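Report on the following structure.
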Amino acid sequence: MTAFGWRREGGEWLWRPDIKTQMAEITGGLYGEEYEDRQRELEELVAAVRREWAAKLRDAASDLPDPMGRHFYTGTGMIHAADLIDPDVEDPK
């Protein structure tokens, strides 16, 4: 990844921003309450996508065929990856 979300692939420059860069692009011209509202909406969207893909990984891990017990580690790895994408965060209160 190069600066500001641009990456060179196959001899051409492609726009491939990370989450923070893209959020900054979207909220760049906003100020005050409007900025905070849009930032919160985008953070909620990112959290929803993480939850959705973590759930898909967990479902796929539980549906692996297991002919001789060899897929236990693959499923465990997928569940671990899902936990990294969307960790269970306990309410600190």
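The values are calculated or read from the model by the stated rules, or taken from the named source; none is laboratory data. Source: prediction; values computed, not measured. Here the Cβ positions follow ideal geometry from the backbone for every residue, glycine too, while neighbour counts run over all protein chains shown. The area values use the complete protein model at the heavy-atom level, side chains included, leaving out ligands, DNA and RNA. Shrake-Rupley method; radii C 1.70, N 1.55, O 1.52, S 1.80 Å.
A few comments on the model shown:
- Filter result (over 12 Å from the mean Cα position of the chain (by Cα) and either at pLDDT 85 or above or open to solvent by 90 Å² or more (accessible area, probe 1.4 Å) (or both)) within the stretch 67-81: PRO67, MET68, ARG70, PHE72, TYR73, HIS80
- Extreme residue, most open to solvent (accessible area, probe 1.4 Å), among residues of the stretch 2-18 that are among the hydrophobic types (A, V, I, L, M, F, W, C) and at negative phi: TRP13
- Subset of the stretch 1-18 that is among the small types (Gly, Ala, Ser) and in a helix (DSSP H, G or I) - its residue that is nearest to ILE85 (Cα to Cα): GLY5
- Taking the criterion of being among the hydroxyl-bearing types (Ser, Thr, Tyr), assigned to a helix (DSSP H, G or I), open to solvent by 80 Å² or more (accessible area, probe 1.4 Å) and closer than 29 Å to TRP6 by Cβ, the only residue of the stretch 19-65 that qualifies is TYR35.
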